[in-house]
Amino acid sequence: MSLNSTGKADEDERREDVAVAAVERQDSREVDEGKGTWKHAAFHVATTIATPAAYAPLPFALASLGWPLGVSSLVGATLATWYSSLLIASLWRWNGKKQITYRHLAESIFGFWGYWSIAFFQQVASLGNNIAIQIAAGSSLKAVYKHYHKEGTLTLQHFIIFFGAFELFLSQLPDIHSLRWVNALCTFSTIGFAGTTIGVTLYNGKNMDRKSVSYSVQGSSSLKRFKAFNALGAIAFSFGDAMLPEIQNTVKEPAKKNLYKGVSAAYTVIILTYWQLAFCGYWAFGSEVQPYILASLTVPEWTIVMANLFAVIQISGCYQIYCRPTYAYFENNMLRSKTASYFPLKNCLIRLVCTSIYIVLITLIAAAMPFFGDFVSICGAIGFTPLDFVFPAIAYLKSGRIPKNMELRISVQLLNLAIATWFSVVAVLGCIGAVRFIVEDIKTYKFFHDL
């Protein structure tokens, strides 16, 4: 009787192990097999990069640099980050294995330190980006509210909290691919925001006294230098995309070719909108342009409301993209137990707790220090510059995928080293400028100031 009971228990245990293994293999296949098309990739990339929070500071960045340096910096950053994105896409299965995250790609090329370096920079980019865009979303919601309730008592902090609550709801969606239709709407909102803002900017510019508009960089020599440093960080932020391997993992084969097409389609939208808004905003308002371009617009009011609504819709998708590396880290450590598949409610509760902690933290910082331009610069300098400019150039060289043709090989090596070196300098300068202005703003404003 005892032997039979023991044998039955062993058999039950083996069956359970087989069932768990089958579930894990099925989960693995679902993770491994991308389902998206190049169009979905374009939606994700455009949503990640082309946000109102990225557009908005560009005229101000140009005003801090002046026409010649500002235009050359913007065009150079556009071309460099486009090239870098294609380099990252080309490293798909570079060693025959699939790297599903930026961290794992870095680990496969640089080892242990590569993994943790990218983990650090991704977290800085994620936190800094979401703080900045939550401030931007709160500012846009407040602008819409003030249009209809000019004597209303709600402050910027209220709208930052409202936006955080909405993001907590979206955060319960399981992965990036589940956001594809949200991001499709966000991409169209990007075009709507850019078109509306460019049109209203030109309208405001034409109705101003053009003789009163100055394009000279204001301030002392020291202040001009710090403004220029800050502007370089803001431009780097505007092209921030620290999620390409994660996006590529959602795309079906041939994933490399599909991401090439998706990145190029997204950058076509970016060039047609970024450059126009940056140049038009600086032309219209000169050195007086605000860090958040919508704050410089005055008439017609209904179009400004429309632009602010487009901004909030677009930002809601971008926020989610940048949450995902953090969510993935917690989920990989807390939701991968053998009993996970049998208790989906437990998984949902764990996800709700993890996402709530993250969003409460972001919302608290954004509400306490709503200095949009400063967070944009420091996030661009410390987070996005290493991820989007420096790492792709060095990783491509390290991976040994350089063309065999000697002339082309030398050209690629020189180009990649130049990009890595210059943008390392940009990271340092941008950080210096951003820290300086954050210190000044903390001295000027109180915490939870209603800007």
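Partner lysines whose Cα lies under 17 Å from the Cα of LYS252, excluding those fewer than 8 positions away in the same chain, are identified as LYS35, LYS39, LYS97, LYS98, LYS261. Here the range 402-427 and the range 46-62 have alpha carbon centers that stand 27 Å from each other. Would you give the gap between the C-alpha center of the range 110-175 and the C-alpha center of the range 437-451, rounded to a whole Å? Between the Cα centres of the range 110-175 and the range 437-451 lies a distance of 19 Å. Simple point charges give the picture: +1 on the Cβ of Lys and Arg, -1 on the Cβ of Asp and Glu, and for the chain a dipole about the Cα centre of about 860 debye. Applying 1/(1 + (r/R0)^6) with r as the Cβ-Cβ distance of LEU408 and LEU79 and R0 = 22 angstrom yields a FRET efficiency of 0.75. Helix 221-238 axis versus longest C-alpha principal axis of the chain: approximately 40°, rounded to the nearest ten. When exposed loop sites are taken as GluC sites (Glu not before Pro) in a DSSP loop with at most 15 other Cβ atoms within 10 Å, the longest stretch of the chain clear of them is 152-451.
Taking R0 as 41 Å, what's the FRET efficiency between ASP209 and VAL439 from their Cβ-Cβ distance, rounded to 0.05?
0.70
ILE198 contributes about 20 Å² of solvent-accessible surface, heavy atoms of the protein only, 1.4 Å probe. The charge dipole of the range 48-150, taken about its Cα centre with unit charges on the Cβ atoms of Lys, Arg (+1), Asp and Glu (-1) only, comes to about 300 debye. Modelled label positions at LYS257 and LEU361, each set 7 Å beyond Cα in the direction of Cβ, lie 4.2 nm from each other.
Model label sites at SER72 and SER424, defined 7 Å from Cα along the beta-carbon direction, differ in position by 2.2 nm. When every Cα-Cα distance of the chain is counted in 10 angstrom steps from zero, the calculated P(r) takes the values 4, 20, 30, 24, 12, 5, 2, 1, 0, 0, 0 percent. Proximity of backbone amide H atoms, modeled 1.01 Å from N, is registered between GLY36 and VAL251, LYS252 at under 5 Å, excluding neighbours fewer than 5 places apart on the same chain.
Provide the net charge surrounding LEU429, with neighbours chosen by a C-beta distance below 12 Å and charges set as Lys +1, Arg +1, Asp -1, Glu -1. Could you put the intermediate results ahead of the total?
Values: positive: ARG225, LYS227, ARG436; negative: none.
Net charge around LEU429: +3.
What FRET efficiency, computed as 1/(1 + (r/R0)^6) with R0 = 41 Å and r the Cβ-Cβ distance, is obtained for LYS224 and ASN95, rounded to the nearest 0.05? Display every interim value, and only then the final one.
Values: r = 47 Å, r/R0 = 1.15.
So, using R0 = 41 Å, E works out to roughly 0.30.
With the simple model of a label 7 Å out from the Cα in the direction of the Cβ, ALA165 to LYS150 spans 2.8 nm.
The values are calculated or read from the model by the stated rules, or taken from the named source; none is laboratory data. Keep in mind it's a predicted model, so treat the numbers as computed, not measured. With ideal geometry, Cβ positions are generated from the backbone for all residues, glycine too; neighbour counts draw on all protein chains shown. What goes into the accessible areas is simple: the full protein's heavy atoms, side chains included, and nothing from ligands, DNA or RNA. Shrake-Rupley method; radii C 1.70, N 1.55, O 1.52, S 1.80 Å.
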